[in-house]
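Quick notes on the structure that follows.
The values are calculated or read from the model by the stated rules, or taken from the named source; none is laboratory data. This one's a predicted model, so the numbers in the text were calculated from it and none came from an experiment. Here the Cβ is made from the backbone with ideal geometry for all residues, glycine too, and neighbour counts use every protein chain on show. Only protein heavy atoms, including side chains, enter the accessible area calculation; ligands, DNA and RNA are left aside. Shrake-Rupley method; radii C 1.70, N 1.55, O 1.52, S 1.80 Å.
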Amino acid sequence: MATTAREEMRRFWERNERSGRPLSPHVSIYKWSLPMAMSISHRGTGVALSLGVSLFSVAALLLPESFPHYLAQVRALGLGPALLCSAKFLLALPFCYHGWNGVRHLV
């Protein structure tokens with residue numbers, strides 16, 4: 001007679017327990033490497049960029065004023081050049097990293 005799925009699963013788990021093998025590889029057993037870190041950061045910057053563009057697009061559609069109005073409000077805050085350059089750098093960094101890492105992957 002054919003065995004049921006429950007019996008097959010029970011036999012499978014019994015064999016697995018007897019062998020002493022782990023169920024599946026876990027992140028803690030891998031040694032971190034540069035390609036692994038670059039892959040993770042590439043995915044993270046991709047998600048961050050897509051969320052940023054999506055939020056900016058929704059804001060552009062829903063906010064009542066035009067972009068020059070909000071730009072003038074930011075200028076009226078009187079933020080120093082160091083803070084503005086830092087903000088620009090933090091906005092450009094993920095874009096540049098994601099773009100160059102994509103080019104590196106294609107090459």
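Being open to solvent by less than 80 Å² (accessible area, probe 1.4 Å) and either hydrophobic (A, V, I, L, M, F, W, C) or over 13 Å from ASN101 (Cβ atoms) (or both) is the filter here, so list the residues in the stretch 20-55 that pass it.
Of all residues in the stretch 20-55, those open to solvent by less than 80 Å² (accessible area, probe 1.4 Å) come to 20, 24, 33, 36-39, 41-42, 44-46, 48-50, 52, 54.
Scanning the stretch 20-55 gives GLY20, SER24, SER33, MET36, ALA37, MET38, ALA48, LEU49, SER50, GLY52, SER54.
State whether one or more residues within the stretch 64-74 are at pLDDT 90 or above and under 28 Å from the mean Cα position of the chain (by Cα).
Scanning the stretch 64-74, I find no residue that is at pLDDT 90 or above and under 28 Å from the mean Cα position of the chain (by Cα), so the answer is no.
How many of the residues in the stretch 63-107 are of a type in the set (S, T, N, Q) and surrounded by 11 or more Cβ atoms within 10 Å (Cβ to Cβ)? Spell out how you get there, then give the answer.
Step one: filter the stretch 63-107 for residues of a type in the set (S, T, N, Q), giving 66, 73, 86, 101.
If we keep only those that are surrounded by 11 or more Cβ atoms within 10 Å (Cβ to Cβ) too, we end up with 86, 101.
Number satisfying all stated conditions: 2.
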